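Beneath this line is the structure, given in structure tokens, with notes to follow.
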């Protein structure tokens, strides 16, 4: 993944498989802080794991937001 958009799209696909009830809360007009703490926490952990596995760069990990 090279862009924030790719990271976000992959996150929502992963969440749809793991926690479909949370993925159903996705809205295009919501900003990061409009989502519940569970969605935000899972996103941060997921991005951290992508970074640790070398799937995204340091720079992308630091700037990507939900």
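Read-outs: derived from the displayed coordinates by stated rules, not from any lab. Small disclaimer: the values here were computed from a predicted structure and weren't measured.
Can you tell me the orientation of helix 4-18 relative to the chain, as the angle in degrees between its alpha-carbon axis and the longest Cα principal axis, to the nearest 10?
50
Would you mind calculating the gained length between residue 18 and residue 30 on full extension (0.36 nm times residue separation, minus the Cα-Cα distance), in nm to one decimal?
2.2 nm
Relative to the longest principal axis of the C-alpha atoms of the chain, give the angle of the C-alpha long axis of helix 37-52, reported between 0 and 90° and rounded to the nearest 10°.
The helix 37-52 is inclined about 20 degrees to the chain.
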